[in-house]
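Okay, structure first, notes after.
The values are calculated or read from the model by the stated rules, or taken from the named source; none is laboratory data. Note that this is a predicted model, so its numbers are computed, not measured. For accessibility, only protein heavy atoms count, side chains too; no ligands or nucleic acids. Shrake-Rupley method; radii C 1.70, N 1.55, O 1.52, S 1.80 Å.
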Amino acid sequence: MIKILLFAQLQEEIGQKHIEIEVEEITVQQLKEMLKVKFKFANLDNVMVAINEEYAMDQDVIQSGDTVAFIPPVSGG
């Protein structure tokens, strides 16, 4: 199982702070595509992703038991 933490507008889009999925192994890019389909996220292309508190790239592999954070870009002024 992979635990996915959601922040900012991603939480608001689905009304949850985290979700869990049952997979043994998946890349960050595959996970993004899965979540776009399953939860209808508008855009995950520009979010920062961290696996177990370390920033990750789209080709990095997520293992069962990992915690993944999706951190959307922050706007400010």
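Amide H contacts of Thr27 (H built 1.01 Å from N, in plane; Pro and chain starts excluded): Ile62 sit under 5 Å, all sequence-distant by 5 or more or on other chains.
The structure-derived value of Cα extents along the principal axes in Å appears in the list [x] 39, 23, 18; [y] 30, 24, 17; [z] 61, 39, 7 under the label [x].
Taken one residue at a time, the phi angles of segment 30-37 give Karplus couplings (6.51, -1.76, 1.60, θ = phi - 60°) of 5, 5, 4, 5, 4, 5, 4, 6 Hz. Gly and Pro are set to x.
The fraction of accessible area contributed by carbon and sulfur in the chain is 50 percent, rounded to a whole number (1.4 Å probe; ligands and nucleic acids excluded).
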